[in-house]
Amino acid sequence: MDLSRAAAEALDAADPLAGFRARFAGTAEDGPDRLLYLDGNSLGRMPLATPAALTRVVEREWAEGLVGSWSEWIGTAARVGDALGSGVLGAAPGQVLVGDSTTVNLYKLLAAAAAARPDRDVLVCTADDFPTDRYVVAGVAEARGMTVREIEADIDEGLDLDVLAAALDERVAVVVLSLVAYRSGALADVAEVTRLVHEAGALLLWDLSHAVGAVPVDLDASGADLAVGCTYKYLNGGPGAPAFLYVRRDLQDELRSPIQGWFGQRDQFAMGPRYVPAEGIERFGVGTPPVLGMAAVEVGAGLVAEAGIDALAAKGRALTDLVVALGDEWLLPAGMALASPRDANRRGAHVTFAHPRAWQLTQALLARRVVPDFRTPDRVRLGPAPLYTRFVDVWDAMARFRDVLADGSYETFPAERARVT
Ligand SMILES: *Cc1c(COP(=O)(O)O)cnc(C)c1O
């Protein structure tokens, strides 16, 4: 691989997605000291079309339409869900709903799935999954008198299929897994995981938070049962944007939400005496949907669908290949270690490096206007979101990283993250 800056410029010139960058805020700044944002996997950039979409809801639907806009709002969760399903998730209509946070959606689907397998008493997750996932699994298990099998997953290479297989038997009700590991970016083997979990007679619940918008997710084709995911990362829905949930159509009748809210009620406005779940995906609704947030999700998800997930994934592999190659050249000789799978086909769209001084290095990079993320225990995570990050941005960020390591200035930053109690 040609690792010159000119080669990175040539990759940008040939990039079929290059035109999307100008449709995001903050991308006009140029020059050698510009901000290099490599944290789109934590909070995506703002699409320039988002303020107008929000203003339309506020000024037209709310200020003018007042309560008359209810009829418009009431179907938004399913309408935006269908758009996300067809444009990004490989899901036919009627299986995706937008609303609530990822955490709440995970709770709803996990509790529903566990209740649908009353003869089984074990939940499986990985010890290295995102905290909220492990906490929700533990909480649901406790409430239902179930046991958790927290299986080991290598924090750099991800889940080993033999380890998963060894944890599966006729006691397992549900397996919760992240498709892309939040720390290392390791990508699970969808076909093999699905086969193993289904062979054991268990239900599979994917967390797609770090995958959606970064790698292809063919929910229907893969035979997935259940999924949840976040919309403020690669989908650029903005802070607090409502999450999504997926329930395969033939499972919907069997599953009941643990939260019996009026938005999951059949014939909602009959205001009947008892809760009777709606037919279809809408039974997983809870309360009044976050209408403003959904308008922003619609814009963000629309851009991802327009770019096309295969093109985004291909660019994500090329960008992270460049990160890995420049890391080999500049960072590894200076004491950093690659903490992600080396094979691009086994990664999402982010790459992580390990160093005992990772916290200080992160602070020093921020001071040089490179935005990475620190991740425990000693990781610097770089997420060059393919929709708006250029190859030269990666090249320049890695060059600043090289300089920060070489000049030792990171040693002047506090050695640890201040504890927030
Ligand atoms: C980002 C992320 C979440 C976020 O959950 P919220 O409820 O939106 O705060 C959950 N799970 C994973 C794996 C994530 O990466």
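The values are calculated or read from the model by the stated rules, or taken from the named source; none is laboratory data. The structure displayed is predicted, hence computed values, not measured ones. Every residue, glycine among them, receives a Cβ derived from its backbone with ideal geometry; neighbour counts consider all protein chains shown. Accessible surface areas use protein heavy atoms only, side chains included; no ligands, DNA or RNA. Shrake-Rupley method; radii C 1.70, N 1.55, O 1.52, S 1.80 Å.
Out of V299, V324, which single residue is free of Cβ contacts under 8 Å to residues at least 40 places away in the same chain and either crowded, with 19+ Cβ neighbours inside 10 Å or not in a helix (DSSP H, G or I) (or both)? Going through V299, V324 in turn, the sole match is V324. Among all positions in the stretch 387-408, there is at least one residue which is open to solvent by 50 Å² or more (accessible area, probe 1.4 Å) and free of Cβ contacts under 8 Å to residues at least 12 places away in the same chain.
For (1) part of a loop (DSSP other than H, G, I, E, B); (2) surrounded by fewer than 23 Cβ atoms within 10 Å (Cβ to Cβ); (3) touching a Leu at 6+ places or on another chain (Cβ under 7 Å), each residue gets a yes or a no:
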residue	(1), (2), (3)
G238	yes, yes, no
A241	yes, no, no
D250	no, yes, no
Q260	yes, yes, no
F263	no, yes, no
E279	yes, yes, no
M294	no, no, no
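Checking each residue in the stretch 180-194 for being near the ligand (Cβ under 10 Å from one of its atoms) and in contact with a Gly (Cβ under 8 Å, 6 or more places away or on another chain) picks out V180, A181.
Give the stretch 86-114 a look and list any residue that's part of a helix (DSSP H, G or I), open to solvent by less than 50 Å² (accessible area, probe 1.4 Å) and of a type in the set (G, A, S), or say none. Matches in the stretch 86-114: G87, A111, A112, A113, A114. Of all residues in the stretch 302-321, those satisfying the criterion of being of a type outside the set (A, V, I, L, M, F, W, C) and part of a helix (DSSP H, G or I) are G302, E306, D310, K315, G316, R317, T320, D321.
From the list G99, G68, pick out the single residue that is within 16 Å of the ligand (Cβ to nearest atom) and either closer than 19 Å to N236 by Cβ or modelled with pLDDT under 95 (or both).
Values: G68 fails: within 16 Å of the ligand (Cβ to nearest atom).
Only one candidate passes the filter, namely G99.
Note on the stretch 23-44: among residues that are under 30 Å from S69 (Cβ atoms) and within 16 Å of the ligand (Cβ to nearest atom), the one that is most open to solvent (accessible area, probe 1.4 Å) is L43.
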